[in-house]
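What follows is a set of notes on a single structure, which appears directly below.
Each value in this text was obtained by applying a stated rule to the coordinates, not by laboratory testing. These numbers were taken from a predicted model, which means no experiment stands behind them. Reconstructed Cβ throughout: ideal geometry from the backbone, glycine too, with neighbour counts over all protein chains shown.
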Amino acid sequence: MTSTSSVGKIAEVREALARLNAEARSADRLMQGITVLLQEKMLKYNWVGFYMLEPGAKPPVLVLGHFQGAMTPHTRIPLDQGICGAAAATGKTIVVDDVSKDHRYLACSLETKSEIVVPIFVRGVVAGELDIDSHFPAAFGVEDRDLVEHCAHLVGKRLESESITTP
Ligand code: SME
């Protein structure tokens, strides 16, 4: 059954995620599938992408990976820049309800109103993050945060199983 409520939609997406996780042959495929699934099914998730820490980079830098949405000028983000940099530097999820009020925000699209960035951990160390932008203010509530953190957790576990090392 398809539901139009946010919670019903999230339950549907979680089921699709479980299937994707079972079927994806690699962390790379899983990340690509997550970007497609979230952007297609979650109507307020207008830009969905992964940034991964470049192995061995000194100072550390986030590099754009799989994404869905318009091309961004921010393909490499140092940890002292942007909401993305802050999430990776602190290892904490960051939800910004109004990006115009956050001085850290690096503009990707003039249409973006709110953003969530969730770190991905591999053996307890930040390896990258999942970044989502919305054209709607305060688009990311508690259920969204749980969903995006679940996605980041699945990717971290898959990277661990592939023995990818972090910088
Ligand atoms: N807004 C992010 C930059 C990445 S784009 O959203 C794709 C930031 O402030 O770090």
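Classified by the C-alpha gyration tensor, segment 51-100 has an oblate form. Its axis ratio a/c, with a ≥ b ≥ c, is 1.5 or above, and a/b does not exceed b/c. With θ taken as phi - 60° and the Karplus curve 6.51 cos²θ - 1.76 cosθ + 1.60 applied, the whole-hertz 3J(HN,Hα) list for segment 97-110 is 6, 9, 5, 5, 9, 10, 5, 6, 4, 9, 6, 10, 9, 5 Hz, x standing for glycine and proline. Separation of segment 71-95 and segment 23-48, taken as the distance between their Cα centroids, equals 19 angstrom. Label positions at L110 and A138, each projected 7 Å from the Cα along the C-beta direction, are separated by 2.6 nm.
In the chain, inverting the average of 1/r over every pair of distinct C-alpha atoms gives 15.8 Å as the Kirkwood radius.
Hey, any idea what the orientation-averaged projected area of the convex hull of segment 1-69's Cα atoms comes to, in nm²?
That works out to 5.6 nm².
Of all lysines in the structure, the ones whose alpha carbon falls short of 16 Å from that of K9, not counting any fewer than 8 places away in one chain, are K41, K44.
Rounded to the nearest 500, the helix-only mean residue ellipticity at 222 nm of the chain stands at -12000 deg cm²/dmol, with each DSSP H run of n ≥ 4 adding -39,500 (n - 2.57). Rounded to 0.05, the FRET efficiency of the Q81 and S161 pair, given R0 = 30 Å and the Cβ-Cβ distance, is 0.45.
Filter the trypsin sites (Lys or Arg not before Pro) in segment 1-107 down to the DSSP loop ones having no more than 10 other Cβ atoms within 10 Å, then list what survives.
Sparse-neighbourhood loop trypsin sites (Lys or Arg not before Pro): R25.
Give the calculated FRET efficiency between D146 and D97 to the nearest 0.05, with a Förster radius of 25 Å applied to their Cβ-Cβ distance. Given R0 = 25 Å and the Cβ-Cβ separation, E is 0.90. Backbone geometry of segment 37-53 corresponds, through the Karplus equation with coefficients 6.51, -1.76 and 1.60 at θ = phi - 60°, to 3J(HN,Hα) couplings of 4, 5, 5, 6, 8, 9, 5, 8, 8, 7, 9, 10, x, 9, 10, 10, 5 Hz, x marking Gly and Pro.
Rounded, prolate or oblate for segment 18-116? Axes are the square roots of the Cα gyration tensor eigenvalues, ordered a ≥ b ≥ c, and the cut-off for rounded is a/c under 1.5. It comes out oblate by the Cα gyration axes. Here the dipole of the chain is about 260 debye; that uses its Cα centre as origin and unit charges on the Cβ of Lys and Arg (positive) and Asp and Glu (negative).
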